[in-house]
Amino acid sequence: SLALARIKRDGIKAVSLEGGGEPSVRPDLFATVEKLRAAGVEHIMLSTNGVALADMELCRKAAAAIDQFTVNFPSHLPEAYAAATRSVKYPLAVRGLLNLAACGVRDRLRVFHIISAFNFRALPGFAAWAAANLRGAGLVNLTFVRNSGRARGRDGIVPTYTEAAPFIKLALAKL
């Protein structure tokens, strides 16, 4: 393809698989990884919600093929997860995170916890959950939701920094 030819020609060494839908459910994910490696890519990062990685066989295969994982995980609480994602796949997302840890990729795992009105009061609990379940993760990132994309037009989704600050401080003390 043109993209692979450009990657090879330009000597691109790192690629992030993200956007355009959940990349971990693409049937050509591993073929794409192989093509990227053949084009000279040395570092591949997968950005995912973790749901598909609840399948341990898929998770093992991904752990062997992919260098780094970024999992967007909005809450350790099912109800806050559902409110933030409009999804009922919380148990699968948790299983996917725990599978990654069990596959030995903790140091290659980055967890992005998007702070929103749905979860900011639970930040200290999330930090305790992450410390207990994801010890050794390469990164646990607390970041504010942006009022764009699926969040655009959802009134009240972005808490004020003043509202969230006390909870952020408590969470950081636990991480």
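Structure notes:
- Looking only at residues of region 159-175 that are open to solvent by 60 Å² or more (accessible area, probe 1.4 Å) and outside any helix (DSSP H, G or I), we find that the one that is farthest from residue 113 (Cα to Cα) is 160.
Matching residues to (1) aliphatic (A, V, I, L, M); (2) free of Cβ contacts under 8 Å to residues at least 60 places away in the same chain; (3) in a helix (DSSP H, G or I):
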position	(1), (2), (3)
4	yes, yes, yes
16	no, yes, no
20	no, yes, no
27	no, yes, no
41	yes, yes, no
60	no, yes, yes
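- Residue within region 109-121 that is of a type in the set (Gly, Ala, Ser), under 28 Å from residue 15 (Cα atoms) and over 14 Å from the mean Cα position of the chain (by Cα) present: no
- Identity of the residue in region 1-43, among the charged types (D, E, K, R) and closer than 16 Å to residue 59 by Cα, that ends up nearest to the chain's Cα centre (by Cα): 22
- So residue 137, is it over 15 Å from residue 48 (Cα atoms) and in a helix (DSSP H, G or I): no
- Residue match in region 78-101 (condition: of a type in the set (Phe, Trp, Tyr) and either in a helix (DSSP H, G or I) or open to solvent by 70 Å² or more (accessible area, probe 1.4 Å) (or both)): yes
- Among the residues listed as 71, 94, the single one being in contact with a helix residue (DSSP H, G or I) (Cβ under 7 Å, 6 or more places away or on another chain) and β-branched (Val, Ile, Thr): 71
- Reported count of residues in region 20-43, each being within 20 Å of residue 73 (Cα to Cα) and open to solvent by less than 60 Å² (accessible area, probe 1.4 Å), is 4.
- Among the residues making up region 50-76, a single one is at pLDDT below 95 and either closer than 25 Å to residue 3 by Cβ or surrounded by fewer than 20 Cβ atoms within 10 Å (Cβ to Cβ) (or both): 72.
- Members of region 106-134 that are part of a strand (DSSP E or B), open to solvent by less than 20 Å² (accessible area, probe 1.4 Å) and more than 19 Å from residue 66 (Cα to Cα): 113, 115
The values are calculated or read from the model by the stated rules, or taken from the named source; none is laboratory data. From a predicted model like this one, the values you see are computed outputs, not experimental measurements. Cβ sites come from the backbone with ideal geometry, for glycine too, and all protein chains shown count toward neighbours. Ligands, DNA and RNA are stripped out before the accessible areas are found, and what is left, the full protein with its side chains, is counted by its heavy atoms. Shrake-Rupley method; radii C 1.70, N 1.55, O 1.52, S 1.80 Å.
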